[in-house]
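The values are calculated or read from the model by the stated rules, or taken from the named source; none is laboratory data. It should be emphasised that the depicted structure is a prediction, and the values quoted were computed from it without experimental measurement. Cβ placement follows ideal geometry from the backbone for every residue including glycine, while neighbour counts extend to all protein chains displayed. We work out accessible area using only protein heavy atoms, side chains counted, and drop any ligands, DNA or RNA first. Shrake-Rupley method; radii C 1.70, N 1.55, O 1.52, S 1.80 Å.
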Protein chains: 2
Amino acid sequence: MPDHEFALSTPLDVRLGQTDPKDTAFPLRWGILGAGNVSRQWALSLLGVPGATLTAVAARDKDRADAFAANLDVTRSFASYEAMVADEDVDIVYVGTKTWLHKEHTLLALHAGKHVMCEKPLASNAAEAAEMYASAADRGVMLLDGMWTRFFPAIEHARTLIHDGAIGEPLMVHADFFDPIYVIQVAPLAFGYEQAPSSIVTGGRAASAAILDYEGNHAAVLSFPPFNSELPEVTEIFGTQGRISLGRPGHCPTELTLHAPRVGGVPSQYRTNNEPAPQHRFHYPLPANVSIPSAFPNQHGFLYQAEAVHRCLAAGLVECPQYTQAESMHCMHIWTDIMRQKAAAANA
Amino acid sequence: MPDHEFALSTPLDVRLGQTDPKDTAFPLRWGILGAGNVSRQWALSLLGVPGATLTAVAARDKDRADAFAANLDVTRSFASYEAMVADEDVDIVYVGTKTWLHKEHTLLALHAGKHVMCEKPLASNAAEAAEMYASAADRGVMLLDGMWTRFFPAIEHARTLIHDGAIGEPLMVHADFFDPIYVIQVAPLAFGYEQAPSSIVTGGRAASAAILDYEGNHAAVLSFPPFNSELPEVTEIFGTQGRISLGRPGHCPTELTLHAPRVGGVPSQYRTNNEPAPQHRFHYPLPANVSIPSAFPNQHGFLYQAEAVHRCLAAGLVECPQYTQAESMHCMHIWTDIMRQKAAAANA
């Protein structure tokens, strides 16, 4: 069982010839909207991007905004979101406020002509998200869903392996995490997002799990327990010829194991043989040029998405192929359906 | 992360003071009904039980029965099931035929006054299983559901840990395996079987996954993909204070990892801290006195259940506490409901 250091040095947009790795130096002046912990972590990740400048921060509470600015060498601080998005020295706004404020704050920044990267989930429901994307399209600016998971090399490698047929036809995915939007995105990662699920059933503690059925006999078994616990954080994608197992934490993995088929193309399963499948384990060391104290695990992996934003905007792209607007909407529709079923279960 | 050799030398029935370990020497003369591969493996596992004698084998095909008997030193071979169960030198019959024949063959043996151990699933549906148990009760003999998983030391240890509160209150289980009855039994292992699930929803490829909702906010997320693949074989039981992760193969595990809570009783989860929970990994070496060539992995773990049958019958028990008739019926009801939904999906 060899262990591999696997440096996937070419992100998807670079591999597709859409962007240039050097364009992480493309200058973007960032305004941070919301001065909470996730905003702090995003701001710290920007310190690792050569072209990024922390220009402004805004919070309703002036003291919080000032403290955030002082801590992180942000040039200006605002107690008014409106004033910050009007700042001519801000190119792109990071929206790090609460989910139910994402739409309001994103539209505020878009209306001021700024690019926006908004934390996940993008909005409170799919209809809001569609309205936000339409607003960005009207102005020709970027609106990026902050699904940072998709920018990790382990995920990019998983996508490549699936595309190259390393596990044959993907048939089923398993994923769990307390935040459903993270586990939902695993389904289109494996199966694509051209078709909506043909059915979604939820169950468990006030709908804490869901089974997604896709055309072509694909199924996603997702679990998002709402209680504090030590979660399995499994992300498994398995198909006709093998299985991809992402390392923990499943939403920001730095490890991938490919359980490859046996020689002769027969998948290893206890029905057909007595030996475990050959395993290939790959490691993807996190960026060393960023460190985020007191963060969740692997939080400095934010850097991967931050770099992509610079590369893509340098190339004139307002979408990232790692997580397009269409895919984001696909996930928002599923999330909205699950939330609807969850609300119905809670009120039953 | 210490690794422990954990020799759980006291099976549940012994711990409960119901049986004596020495009673594996209690004499039982076995008749094997069905001469297929699983019967062969069961017969080989009996070679490791001091009190077991392979007295008879029966198959509809005389040549198959004779070959089986010659291979395994079985005293007599029959081409008639009726003749074998009438043999006065047979104390207990192992039913290893196809599922749809389990009821017929089990009743045949019970009517002849024999104890019966029947391969899982016990019957084609819960109604059949109830009829079979009633027949065994009428005669005061054992009818044991062949859920060998439950007799593995790793499972006995999991049960003990749950009982002792090592993971707090169990809230959710995840399990997958191609045979649904194996993953179903994980739910009552964690939550007990006093109450039926309050709801069962299925989904996926012709209902290849199910979510079981139990009173008290317990939920089981089960997946039983019907295609050949390298399955994850996850068995996870997680609660308010930690998690039990059974090793692969999940249906016959020889390893258990306890992800214990942090000091102070706070469960380790990314919401509340940045360090992984302390892990305690336990190994349970398989019995060395049995070896089964060309078998599925860990198949010689059949021995654990074989030994229990001898111990329990020696003590006059017609049930094993590792998997009582009530628990078997609990699982049969869930299985029947899932099969019903699966048939409905296939016909939709």
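Would you tally the residues in region A:200-220 being at positive phi and more than 7 Å from chain B (Cβ to nearest Cβ)?
3
Conditions (1) in contact with a Pro (Cβ under 8 Å, 6 or more places away or on another chain); (2) surrounded by 18 or more Cβ atoms within 10 Å (Cβ to Cβ); (3) among the aromatic types (Phe, Trp, Tyr), marked per residue:
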residue	(1), (2), (3)
A:301	yes, yes, no
A:304	yes, yes, yes
A:323	no, yes, yes
A:331	yes, yes, no
A:338	yes, yes, no
A:347	no, no, no
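Out of A:49, A:74, A:93, A:85, which single residue is modelled with pLDDT of 95 or more and under 16 Å from residue A:318 (Cβ atoms)?
A:93
If a residue counts only when it is under 20 Å from residue A:293 (Cα atoms) and of a type in the set (Gly, Ala, Ser), which helices (runs of 4 or more DSSP H) contained entirely in region A:34-150 have at least 3 such residues?
Passing ranges, in order: A:37-46, A:62-72.
Please tell me if residue A:171 is more than 7 Å from chain B (Cβ to nearest Cβ), under 25 Å from residue B:226 (Cβ atoms) and not hydroxyl-bearing (Ser, Thr, Tyr).
no
Considering each of A:74, A:95 in turn, give the residue that is touching a strand residue (DSSP E or B) at 6+ places or on another chain (Cβ under 9 Å) and farther than 21 Å from residue A:298 by Cα.
A:74
Kindly evaluate residue B:166 against the criterion of being surrounded by fewer than 24 Cβ atoms within 10 Å (Cβ to Cβ) and more than 9 Å from chain A (Cβ to nearest Cβ).
yes
Determine which single condition residue B:236 fails, assuming it passes every other condition in (1) touching a His at 6+ places or on another chain (Cβ under 6 Å); (2) part of a loop (DSSP other than H, G, I, E, B).
Of (1) touching a His at 6+ places or on another chain (Cβ under 6 Å); (2) part of a loop (DSSP other than H, G, I, E, B), only one is false for residue B:236: (2).
Given the conditions (1) in contact with a Leu (Cβ under 9 Å, 6 or more places away or on another chain); (2) open to solvent by 30 Å² or more (accessible area, probe 1.4 Å); (3) part of a loop (DSSP other than H, G, I, E, B), and given that residue B:201 satisfies all but one, which numbered condition is not satisfied?
Of everything listed in (1) in contact with a Leu (Cβ under 9 Å, 6 or more places away or on another chain); (2) open to solvent by 30 Å² or more (accessible area, probe 1.4 Å); (3) part of a loop (DSSP other than H, G, I, E, B), residue B:201 misses just condition (3).
Residue by residue, here is whether (1) assigned by TED's automatic domain parsing to the domain that holds residue B:247; (2) over 15 Å from the mean Cα position of the chain (by Cα) holds:
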position	(1), (2)
B:92	no, yes
B:120	no, no
B:135	no, yes
B:155	yes, no
B:164	yes, yes
B:173	yes, yes
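Taking the condition more than 7 Å from chain A (Cβ to nearest Cβ) and at positive phi, does residue B:260 pass?
When the stated conditions are applied, residue B:260 does not pass them.
Just checking, how many residues over region B:221-233 are at the interface with another protein chain (Cβ under 8 Å from one of its Cβ atoms) and either closer than 24 Å to residue B:164 by Cβ or assigned to a strand (DSSP E or B) (or both)?
2
For region A:245-257, give me the residue count where each residue is in contact with a helix residue (DSSP H, G or I) (Cβ under 7 Å, 6 or more places away or on another chain) and within 10 Å of another protein chain (Cβ to nearest Cβ).
2
Given the options B:274, B:228, name the one that is modelled with pLDDT under 90 and within 27 Å of residue A:299 (Cα to Cα).
B:274
Mind checking whether some residue in region B:310-320 is open to solvent by less than 40 Å² (accessible area, probe 1.4 Å) and closer than 19 Å to residue B:134 by Cα?
yes
State all residues of region B:214-232 that are within 14 Å of residue B:185 (Cα to Cα) and of a type in the set (Asp, Glu); if no residue qualifies, say none.
Residues satisfying the conditions do not exist here.
Report yes if some residue within region A:174-192 is touching a Phe, Trp or Tyr at 6+ places or on another chain (Cβ under 7 Å), open to solvent by 10 Å² or more (accessible area, probe 1.4 Å), free of Cβ contacts under 8 Å to residues at least 60 places away in the same chain and within 23 Å of residue B:169 (Cβ to Cβ); otherwise report no.
Within region A:174-192, one or more residues are touching a Phe, Trp or Tyr at 6+ places or on another chain (Cβ under 7 Å), open to solvent by 10 Å² or more (accessible area, probe 1.4 Å), free of Cβ contacts under 8 Å to residues at least 60 places away in the same chain and within 23 Å of residue B:169 (Cβ to Cβ).
Tell me, which residue of region A:209-262 that is in contact (Cβ under 8 Å) with a residue 24 or more places away in the chain and charged (D, E, K, R) is surrounded by the fewest Cβ atoms within 10 Å (Cβ to Cβ)?
So the residue we want is A:255.
With respect to residue A:196, determine if the residue is assigned to a loop (DSSP other than H, G, I, E, B) and either surrounded by fewer than 24 Cβ atoms within 10 Å (Cβ to Cβ) or away from chain B (no Cβ under 12 Å) (or both).
yes
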